[in-house]
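Student: First, the structure itself, so that you have it in front of you.
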Amino acid sequence: MSWTDERVELLTKLWSEGLSASQIANELGGVTRNAVIGKVHRLGLSGRGKAPAQSKPRRTRQTRTAPRRTVVQASVGNAALQQVFEEDAEPAHLPQVRTATIESIVIPMEQRRSILTLSELTCKWPVGDPGADDFYFCGASCDVATPYCEAHSRVAYQPATDRRRDRKAK
């Protein structure tokens, strides 16, 4: 397929109307989306019109207004921690998201490890500045399959849905 003057003219018209490269490729026929993008780049086309509006309006998600209670539990070594957060829904358009912070995990002195005393069965969560004298690793017992204890694994490995929700709240 070669780019004839008519096809280039139609490409330029459709691009200025705001159609996507895929839509233009379908309209021209016999050309790929990437070919359209390459030609647009070579032609130096930049200004685009607005894309055609959707026929039906988008549905908005309703926000939760009732207060919600979240219980976060973590275990560090032999100690179990539990925090209860009361979440109020103000402002109504932004739901409050709270999780246990890493500062809330208490690590007993006898559990702390230096890099020389770590093993496959100890938590390798770093605490503090590595250049400082008081730097240490958590040292709680952990499974061989993970480098962190249960509490630090909850901080390190957050479900994707929680990460997306946190990004939207910002």
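What follows draws every value from the coordinates through simple rules; no lab data is involved. All values derive from a computational prediction rather than experimental measurement. Ideal geometry is used to build each Cβ from the backbone, glycine not excepted, and the neighbour counts take in all protein chains shown.
Student: Can you compute the modelled spin-label distance between SER119 and LYS13, with each label point 7 Å from Cα toward Cβ, in nm?
Tutor: 7.7
Student: Could you list which residues have their amide H under 5 Å from that of GLN158, counting only those 5 or more apart in sequence or on another chain, with H placed in the peptide plane?
Tutor: Excluding prolines and chain starts, which carry no amide H, there are no hits.
Student: Which stretch or stretches of region 138-162 have amide N atoms under 18 Å from the point lying 7 Å from ALA132's Cα along the Cα→Cβ direction?
Tutor: In region 138-162, the label zone of ALA132 (backbone N under 18 Å from the point 7 Å along Cα→Cβ) covers 138-139.
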